[in-house]
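The values are calculated or read from the model by the stated rules, or taken from the named source; none is laboratory data. Everything numeric in this text was worked out from a predicted model, so none of it was measured. So basically every Cβ, Gly included, is an ideal-geometry build from the backbone, and we count neighbours across all protein chains shown.
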Amino acid sequence: MTEFKWNDENRAKLIQHSLAEWEVEAAWPGRTNVSQHRHGINGPYFKSFGVCPSGRGIWMLWRYNTDEFGDELVYIINAYGGGN
């Protein structure tokens with residue numbers, strides 16, 4: 001099971017796009033990874049497309065983030081609605 005890292009910053013971005021954490025997490029398993037990019041400081045990140053239970057298509061920008069125990073979590077940088 002995928003574990004996500006949520007904080008005030010990425011939650012605020014979801015709210016701006018009328019999304020909730022549970023919608024992103026529900027869309028995650030069926031996502032299609034579209035592209036990989038590299039940030040100068042934070043390293044690689046990915047752009048994926050998924051569909052929420054409501055049928056709404058969403059884009060997810062994300063990267064892997066290691067927690068204090070060394071476990072790899074998914075950090076959603078941003079998520080927003082998109083076409084199907």
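So, Gly81, is that one without any contact (Cβ under 8 Å) to a residue 40 or more places away in the chain, out of contact with any Cys (no Cβ under 8 Å at 6 or more places or on another chain) and not aliphatic (A, V, I, L, M) or not? Give the steps one after another, and end with the answer.
Values: without any contact (Cβ under 8 Å) to a residue 40 or more places away in the chain: no; out of contact with any Cys (no Cβ under 8 Å at 6 or more places or on another chain): yes; not aliphatic (A, V, I, L, M): yes.
Here the answer is no, as Gly81 does not meet what is asked.
A quick yes/no check of all residues on (1) within 12 Å of Arg63 (Cα to Cα); (2) exposed (fewer than 11 other Cβ atoms within 10 Å of the Cβ); (3) modelled with pLDDT of 95 or more:
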{"residue": "Asp8", "(1), (2), (3)": "no, yes, yes"}
{"residue": "Lys13", "(1), (2), (3)": "no, no, yes"}
{"residue": "Gly40", "(1), (2), (3)": "no, yes, no"}
{"residue": "Pro44", "(1), (2), (3)": "yes, yes, no"}
{"residue": "Phe49", "(1), (2), (3)": "no, no, yes"}
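Just to verify a result, which residue in region 52-72, among those that are among the hydrophobic types (A, V, I, L, M, F, W, C) and surrounded by 17 or more Cβ atoms within 10 Å (Cβ to Cβ), is nearest to Glu23 (Cα to Cα)? Lay out the reasoning, then the answer.
Filtering region 52-72 for residues among the hydrophobic types (A, V, I, L, M, F, W, C) gives 52, 58-62, 69.
Now drop any that are not surrounded by 17 or more Cβ atoms within 10 Å (Cβ to Cβ), which leaves 52, 58-62.
Working: Cys52: 5, Ile58: 9, Trp59: 12, Met60: 11, Leu61: 14, Trp62: 15 Å.
For region 52-72, the residue satisfying everything is Cys52.
Can you pull out every residue in region 1-42 that is of a type in the set (Gly, Ala, Ser) and touching a strand residue (DSSP E or B) at 6+ places or on another chain (Cβ under 7 Å)?
Within region 1-42, Ala27, Gly30, Ser35 qualify.
So which pairs qualify, if the first residue must be in region 66-77 and in contact (Cβ under 8 Å) with a residue 24 or more places away in the chain and within 21 Å of Lys13 (Cβ to Cβ), the second must be assigned to a loop (DSSP other than H, G, I, E, B) and not charged (D, E, K, R), the Cβ gap must be under 6 Å, and the two must be at least 6 apart or on different chains?
If the second residue must be assigned to a loop (DSSP other than H, G, I, E, B) and not charged (D, E, K, R), the pairs left are Val74/Thr2.
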